[in-house]
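One structure is given here, and the rest of the page talks about it.
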Amino acid sequence: MRVLVVEDELRVRSFLERGLREAGFVVDAAEDGETGLGLALVHPYDAIVLDLMLPKRDGLSVLRELRAAGRATPVLVLTARDEVDDRVRGLDVGADDYLPKPFAFAELLARVRALLRRGSARPSLIRVDDLHIDLLSRKVERAGVRIDLTQKEFALLEYLARHTGEVVTRTMISEHVWDMNFDSFSNVIDVYIRYLRRKIDEPFGTKLIHTRRGVGYVLTATP
């Protein structure tokens, strides 16, 4: 899952980037509203954490333009303002949730996850044949056997699982599983697909990860 953090305070931005990455998210960050808006209009983020008090373009302006452009990405507004009028204004413009500073990271993380679940009624447990993926605890089992994955392996498997039975292209994978600095012409995606197959498929005999030559990959129990 890919999240954009738009926050001008370096300490807070770095804290959010680190915490969200440790929680398994792919994170891009911007230090001003103009850069944040540009990123949000170009990349398909799963959620945005947006400060209101930003240089170059304030958060309300960013949010207003995003919604005007038809972007329905869930947005958590994060700001030092704690007046009722400010909260109402942010929600009226199109924010999905509002969290005043100072905040506990655990609460922010819970709110981001709630927005993701609310936005598309995403399940917390995905089953594909005998493969079980618990998205909340980040545990993976196949045929009752625990499978240990790295953060990036889990992120890739999660994306494939959320699109079970659908072919996902390399471009789609790079946009959701890697950040904006990813070199889409490298073979990194192929390497991680191989890592997953060694852990998910090879020990169990039946393939679940399939290649659609020239198109992409699909996670399915049906060849």
Intensity falloff of region 125-219 expressed as log10 I(q)/I(0), Debye formula with alpha-carbon point scatterers, at q = 0.11, 0.13, 0.20 Å⁻¹: -0.29, -0.40, -0.98
Excluding residues fewer than 8 places away in the same chain, name every one of the aspartates and glutamates whose C-alpha is closer than 17 Å to that of Lys56. Glu7, Asp8, Glu9, Glu31, Asp32, Glu34, Glu65
From the alpha carbon gyration tensor of region 1-123, can you work out the equivalent ellipsoid semi-axes (sqrt of 5 times each eigenvalue) and give them in Å, largest to smallest? 18, 16, 15
Please report Leu116, Leu157 as a ranked list, fewest other C-beta atoms within 10 angstrom at the top and most at the bottom. Leu116, Leu157
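Ratio of the chain's C-alpha Rg to 2.2 N^0.38 Å, to two decimals? Before the final figure, lay out each step's value.
On the way: Rg = 18.6 Å, N = 223, 2.2 N^0.38 = 17.2 Å.
After normalising by residue count via 2.2 N^0.38 Å, the value is 1.09.
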Any lysines with Cα under 18 Å of the Lys199 Cα? List them, leaving off those in the same chain fewer than 8 positions away. Lys139, Lys152, Lys207
Loop sites in region 1-45: GluC sites (Glu not before Pro), DSSP, at most 15 other Cβ within 10 Å: Glu9
Quick one: order Val6, Val26 by neighbouring beta-carbon count within 10 Å, fewest to most. Val26, Val6
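I'd like the FRET efficiency for Asp201 and Thr150, computed as 1/(1 + (r/R0)^6) with the beta carbon distance as r and R0 of 25 Å, rounded to 0.05. All intermediate terms of the calculation are to be shown ahead of the outcome.
Details: r = 17 Å, r/R0 = 0.67.
So, using R0 = 25 Å, E works out to roughly 0.90.
Throughout, read-outs are computed from the coordinates displayed, never taken from laboratory work. Predicted model only: the values in this text are computed from it and were never measured. So basically every Cβ, Gly included, is an ideal-geometry build from the backbone, and we count neighbours across all protein chains shown.
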